[in-house]
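The values are calculated or read from the model by the stated rules, or taken from the named source; none is laboratory data. Predicted model, so just to flag it, every value in this text is computed and none were measured. Cβ placement follows ideal geometry from the backbone for every residue including glycine, while neighbour counts extend to all protein chains displayed.
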Amino acid sequence: MENTLQDIKITDTARQKILLTAKKEHVDIRAAWLRVAVVPGGCSGLTYDLGWDTTVRDQDEVFEVDGIPVVIDSRSMAYIEGSVLDFSDGLQGKGFHFSNPQAVRNCACGESFGL
């Protein structure tokens, strides 16, 4: 069952980059999801993982966020609720970045966080 996720936002800049990346990688977003996960790693303890997936597992929740199909496992969901996914190509680092209100610490490069 597909839900509308209200507690995670994707900025227009990130949305456009996701769609452009899907096109460049020949990913049909009607048949694949953007998998968002939180995994152990980085200097602050946890890091974000983004990738394409065509499989939905039992512990996954499927959503549509601003027209982007998204799948998140239930463990990761607890870590990223309330977050905003953005894309930057500035001096502070090129790539996707999460603004997570639950994070109590972030590493200097912004790639990992801790709760």
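Values for this structure:
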{"read-out": "Identity of the residue in the range 54-68, out of contact with any helix residue (DSSP H, G or I) (no Cβ under 8 Å at 6 or more places or on another chain) and crowded, with 17+ Cβ neighbours inside 10 Å, that ends up farthest from I8 (Cα to Cα)", "value": "F63"}
{"read-out": "Identity of the residue in the range 71-92, buried (at least 19 other Cβ atoms within 10 Å of the Cβ) and touching a helix residue (DSSP H, G or I) at 6+ places or on another chain (Cβ under 8 Å), that ends up modelled with the highest pLDDT", "value": "I72"}
{"read-out": "Unmet requirement for S44, which otherwise passes all of (1) surrounded by 14 or more Cβ atoms within 10 Å (Cβ to Cβ); (2) more than 20 Å from A14 (Cβ to Cβ); (3) modelled with pLDDT of 90 or more", "value": "(3)"}
